[in-house]
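*Asks:* Shown below is the structure under consideration.
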Amino acid sequence: MRISAKADYAVRAILELAAAPGGSTRSARDLAEAQGIPQNFLENILSELRRAGLVHTHRGPSGGSSLARPAATITLADILRAVDGPLAAVRDLPPETLEYPGAACGLPAVWCRVSDSLDTMLGEVTVAALVGDGVAAVLPAHAS
């Protein structure tokens, strides 16, 4: 799986919003500075997150962005889908729609399992868990 810069920036911005005290709004400039993200790029990402129902934007002198839902209900899968579409696609097609001839006929089943695994894992990791207890609380220790 390849995580695009856009997806990485979106997750980092959402985590910053979740960490804001009392659900306060944060400006795009503040978020961009906090995470080292180009502000213009982040503003486009915030628009996509707003359209997906993950972020509220507020106008005015004290405007900015805030989470549209509780952090405990937003998963990494939600964020990645909002900015990049399906978690696993093959040539931009859903793996369950693929059919290959001959020796490759079993390959779509593998792609479907990969998609299901990504969906399960990323769907279990919430923003609240990452902000609250960190990654150690949501992922088992990696065996070396």
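*Asks:* Rounded, prolate or oblate, given the Cα gyration tensor of the stretch 45-115, with a/c below 1.5 counting as rounded?
*Replies:* prolate
*Asks:* What is the magnitude of the charge dipole of the stretch 34-134 about its Cα centre, with +1 placed on the Cβ of each Lys and Arg, -1 on the Cβ of each Asp and Glu, and no other charges, expressed in debye to the nearest 20?
*Replies:* The calculated dipole for the stretch 34-134 is roughly 360 debye.
*Asks:* Kindly give the semi-axes, whole Å and largest first, of the ellipsoid equivalent to the stretch 1-48, taking each as the square root of 5 times a Cα gyration tensor eigenvalue. Could you put the intermediate results ahead of the total?
*Replies:* Working: eigenvalues 65, 29, 16 Å².
Equivalent ellipsoid of the stretch 1-48: 18, 12, 9 Å, largest first.
*Asks:* Further question: Based on Cβ point charges of +1 for Lys and Arg and -1 for Asp and Glu, what charge dipole magnitude is obtained for the stretch 67-123 about its Cα centre, in debye rounded to the nearest 20?
*Replies:* Numbers: 4 positive and 7 negative charges, 24 e Å.
That gives the stretch 67-123 a dipole magnitude of about 120 debye.
*Asks:* Here's a follow-up. What's the angle, to the nearest 10 degrees (0 to 90), between helix 5-19's Cα axis and the longest principal axis of the chain?
*Replies:* Here the helix axis deviates by roughly 50 degrees.
*Asks:* May I pose another question? Where the eigenvalues come from the Cα gyration tensor of the chain, what are the semi-axes √(5λ) of the equivalent ellipsoid, largest first, in whole Å? Intermediate results must be reported in sequence, preceding the final value.
*Replies:* Values: eigenvalues 208, 64, 30 Å².
Over the Cα atoms of the chain, the semi-axes work out to 32, 18, 12 Å.
*Asks:* Determine the dipole magnitude for the stretch 1-46: charges of +1 sit on the beta-carbon of Lys and Arg, -1 on that of Asp and Glu, nothing else is charged, the reference point is the Cα centre, and the result goes in debye to the nearest 20. Walk me through the numbers on the way to the answer.
*Replies:* On the way: 5 positive and 5 negative charges, 28 e Å.
Dipole magnitude for the stretch 1-46 comes out near 140 debye.
*Asks:* Another question, then. Around SER27, which amide H atoms from residues at least 5 apart in sequence, or from another chain, sit under 5 Å from its own amide H, with H modelled in the peptide plane?
*Replies:* Those lying under 5 Å, H to H, from SER27 are SER65.
*Asks:* Let me ask something else. If you take the C-alpha gyration tensor of the stretch 1-82, multiply each eigenvalue by 5 and take the square root, what semi-axes do you get, largest first, in whole Å?
*Replies:* That gives 18, 15, 11 Å for the three semi-axes.
*Asks:* In the Gaussian network model of the chain, springs joining C-alpha atoms below 10 Å, which of ALA34, ALA72, ALA104 carries the largest mean-square fluctuation?
*Replies:* ALA104
Only the coordinates and a few stated rules stand behind these numbers; no lab work does. All values reported here derive from a predicted model rather than from experimental measurement. Every residue, glycine as well, gets a Cβ built from its backbone with ideal geometry; the counts of neighbours run over all protein chains shown.
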